[in-house]
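Step one of this worksheet: look at the structure below.
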Amino acid sequence: MFNQIAGRYDFLNHLLSFNIDKQWRKVLVRMVGRELESGKKESPGGRILDVATGTGDLAFALSRLKAVSVTGVDIAENMLVVARKKAVKKGAHIEFVQGDSENLPFDTSLYDAVTVAFGVRNFEHLEQGLKEMFRVLKPGGQVYILEFSKPGKRFFSLMYRFYSNAILPLVASVFSRDKAAYHYLPGSIAEFPSGDQMTGIMEVCGYEDCRFRPLTGGIASIYSGRRG
């Protein structure tokens, strides 16, 4: 499905979110930057793995942090083709690797930080994907997960559900040949654990100091956890 929509993926993401997704990524990048530049490490910077990187939007934003090396991994090769073209255009030195998020092709304890933006919702087995990200983190390393969540306030929740179930698929169908991809989105959000339920699953997978930060009324959240 993601291979089929790769060519229109960036355009539709920004259109359907009114570009708010760019602001959410900026918040995540600032969180990663603060952690990597903190006094908890001997020197600033480090190695970052962006899982389910898609066309690389988050990876490119992360690459602008000081003294970092960024690798993006995704299972959809067509997405990576777009990401690599963008890297050439931007002059960005990012390695994009095809691989399964639930069986990452990287050594254990390799990365200072692991990030995911709108990707864990698509894992076939959520806990397996979380455990793989835990495995490749260095001890003390942090995971950051940006994902859609369920708004808490009733009125806002009703408006959001109307948009995601009625307006979003309709608009997407005008610009995308694969209507099923954007009908899939609302259902996947509704079924995905959010808030304390998500941090609880992260704790089961071994992460410590798990917390979440709601964004834009809870439409999205950033989850974080540390490998002890």
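The values are calculated or read from the model by the stated rules, or taken from the named source; none is laboratory data. Everything numeric in this text was worked out from a predicted model, so none of it was measured. Here the Cβ is made from the backbone with ideal geometry for all residues, glycine too, and neighbour counts use every protein chain on show.
Annotations for the structure displayed:
- Every residue from the range 71-94 that is basic (K, R) and in contact (Cβ under 8 Å) with a residue 12 or more places away in the chain: R84, K86, K90
- Here T108 qualifies as in contact with a helix residue (DSSP H, G or I) (Cβ under 7 Å, 6 or more places away or on another chain), more than 24 Å from F212 (Cα to Cα), modelled with pLDDT of 95 or more and part of a loop (DSSP other than H, G, I, E, B).
- Of all residues in the range 28-46, those being exposed (fewer than 14 other Cβ atoms within 10 Å of the Cβ) and either among the hydroxyl-bearing types (S, T, Y) or at pLDDT 95 or above (or both) number 3.
- Test: residue in the range 62-69 that is surrounded by 23 or more Cβ atoms within 10 Å (Cβ to Cβ) and within 23 Å of L137 (Cα to Cα): yes
- Condition broken by L16, with the remaining ones in (1) more than 19 Å from V136 (Cβ to Cβ); (2) crowded, with 18+ Cβ neighbours inside 10 Å; (3) of a type in the set (A, V, I, L, M); (4) at pLDDT 70 or above satisfied: (4)
- Condition met for I189 (at pLDDT below 90, under 27 Å from R30 (Cα atoms) and assigned to a helix (DSSP H, G or I)): yes
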